[in-house]
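The values are calculated or read from the model by the stated rules, or taken from the named source; none is laboratory data. This structure is a prediction, so every number in the text was calculated from the model and none was measured. As a convention, Cβ positions derive from the backbone with ideal geometry for all residues, glycine included, and neighbour counts pool all protein chains shown. Protein only, heavy atoms only, side chains kept; ligands, DNA and RNA dropped before computing areas. Shrake-Rupley method; radii C 1.70, N 1.55, O 1.52, S 1.80 Å.
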Amino acid sequence: MEFEQYLYESVRLVIESWNEPGIYAVSFFVYSNEAYTYRSISNVCEFSVGYNTEEDCVGTPPLSEERWNFAYWRQNMTHIIDPVDDDEGMKMLFQWYSENGIQGIGQVDWDTAYDEAGAYIGKGPVGYYELLGAVSRVARRLQLECIVERVVGRRVPIIVHDLSNTLGMS
């Protein structure tokens with residue numbers, strides 16, 4: 001199965017299993033960490049899916065940090081790609097990397113990661129940016145096909161992010 005189709009089907013099944021009222025946002029969490037290893041390669045990515053509900057935010061204003069900052073969410077994430085050796089998603093990810101000639105997974109080019117003012121401008125470790133693109137395309141497809149809307153009962157954002165940044169919304 002093609003990698004993005006695998007992601008799409010895996011995420012769709014998770015979303016279609018949700019049965020909770022008041023979901024107002026979906027989380028697509030993409031994160032790499034030097035502690036994450038796969039087949040002795042460190043700094044690999046994880047990808048998980050979750051949501052937050054109105055009940056989780058009782059009494060918070062619509063634009064409050066508590067409502068939109070992932071750190072405040074209940075952390076009900078389901079792994080699609082988990083940085084463990086026997087994870088099917090991780091196997092598919094590394095096969096996809098290989099098929100696309102992506103080498104040096106987890107490595108960071110520190111010489112190009114910062115501008116002259118010291119601001120971070122890099123794409124993260126090798127493999128992160130590429131996975132982020134695939135995940136973003138899956139989020140867009142789910143929105144275009146109204147999968148989330150059908151489950152939740154209304155259109156809600158899919159937030160693609162890591163621990164510190166919102167990387168995109170669909």
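What single numbered condition from (1) within 21 Å of VAL152 (Cα to Cα); (2) touching a Cys at 6+ places or on another chain (Cβ under 7 Å) fails to hold for ASN52?
Only one criterion in (1) within 21 Å of VAL152 (Cα to Cα); (2) touching a Cys at 6+ places or on another chain (Cβ under 7 Å) is unmet by ASN52, namely (2).
Looking only at segment 1-39, which residues are of a type in the set (A, V, I, L, M) and within 17 Å of the chain's Cα centre (by Cα)?
Scanning segment 1-39 gives LEU7, VAL11, LEU13, VAL14, ILE15, ALA25, VAL26, VAL30.
Considering SER27, SER10, which residue is crowded, with 18+ Cβ neighbours inside 10 Å, in a strand (DSSP E or B) and touching a residue at least 24 places away in the same chain (Cβ under 8 Å)?
SER27
Before we move on, is SER40 open to solvent by 50 Å² or more (accessible area, probe 1.4 Å), under 24 Å from LYS123 (Cβ atoms), out of contact with any strand residue (DSSP E or B) (no Cβ under 6 Å at 6 or more places or on another chain) and free of Cβ contacts under 8 Å to residues at least 60 places away in the same chain? Explain how you work it out, then say what you get.
Working: open to solvent by 50 Å² or more (accessible area, probe 1.4 Å): yes; under 24 Å from LYS123 (Cβ atoms): yes; out of contact with any strand residue (DSSP E or B) (no Cβ under 6 Å at 6 or more places or on another chain): yes; free of Cβ contacts under 8 Å to residues at least 60 places away in the same chain: yes.
It is true that SER40 is open to solvent by 50 Å² or more (accessible area, probe 1.4 Å), under 24 Å from LYS123 (Cβ atoms), out of contact with any strand residue (DSSP E or B) (no Cβ under 6 Å at 6 or more places or on another chain) and free of Cβ contacts under 8 Å to residues at least 60 places away in the same chain.
Quick one: MET77 ticks every box in (1) aliphatic (A, V, I, L, M); (2) over 22 Å from ARG141 (Cβ atoms); (3) within 19 Å of the chain's Cα centre (by Cα) except a single one, so which number is it?
(2)
Determine whether segment 100-120 contains at least one residue that is of a type in the set (Ser, Thr, Tyr), more than 19 Å from ARG140 (Cα to Cα) and in contact with a helix residue (DSSP H, G or I) (Cβ under 9 Å, 6 or more places away or on another chain).
No; the residues of segment 100-120 include none that is of a type in the set (Ser, Thr, Tyr), more than 19 Å from ARG140 (Cα to Cα) and in contact with a helix residue (DSSP H, G or I) (Cβ under 9 Å, 6 or more places away or on another chain).
Give me the pairs, please: first residue somewhere in segment 139-163 and surrounded by 17 or more Cβ atoms within 10 Å (Cβ to Cβ) and part of a loop (DSSP other than H, G, I, E, B), second residue anywhere and acidic (Asp, Glu) and at pLDDT 95 or above, beta-carbon distance under 9 Å, and either six or more positions apart or on two chains.
Listed by first residue and then by second, the contacts come to VAL156/GLU149.
Applying the selection to segment 98-131, what residues are modelled with pLDDT of 95 or more and farther than 19 Å from THR37 by Cβ?
GLU99, ASN100, GLY101
Residues checked against (1) modelled with pLDDT under 95; (2) open to solvent by 20 Å² or more (accessible area, probe 1.4 Å):
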residue	(1), (2)
TYR6	no, yes
ILE23	no, no
GLU34	yes, yes
TYR51	no, yes
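Which ones in segment 63-79 are among the hydroxyl-bearing types (Ser, Thr, Tyr) and open to solvent by less than 60 Å² (accessible area, probe 1.4 Å)?
Passing the criteria: SER64, THR78.
Restricted to segment 80-121, and to residues that are of a type in the set (D, E, K, R), part of a helix (DSSP H, G or I) and within 15 Å of VAL44 (Cβ to Cβ), which residue is least open to solvent (accessible area, probe 1.4 Å)?
Of everything passing the filter in segment 80-121, LYS91 is least open to solvent (accessible area, probe 1.4 Å).
Only one of (1) at pLDDT 95 or above; (2) under 19 Å from the mean Cα position of the chain (by Cα); (3) hydrophobic (A, V, I, L, M, F, W, C); (4) more than 27 Å from SER40 (Cα to Cα) fails for LEU167. Which number is that?
(1)
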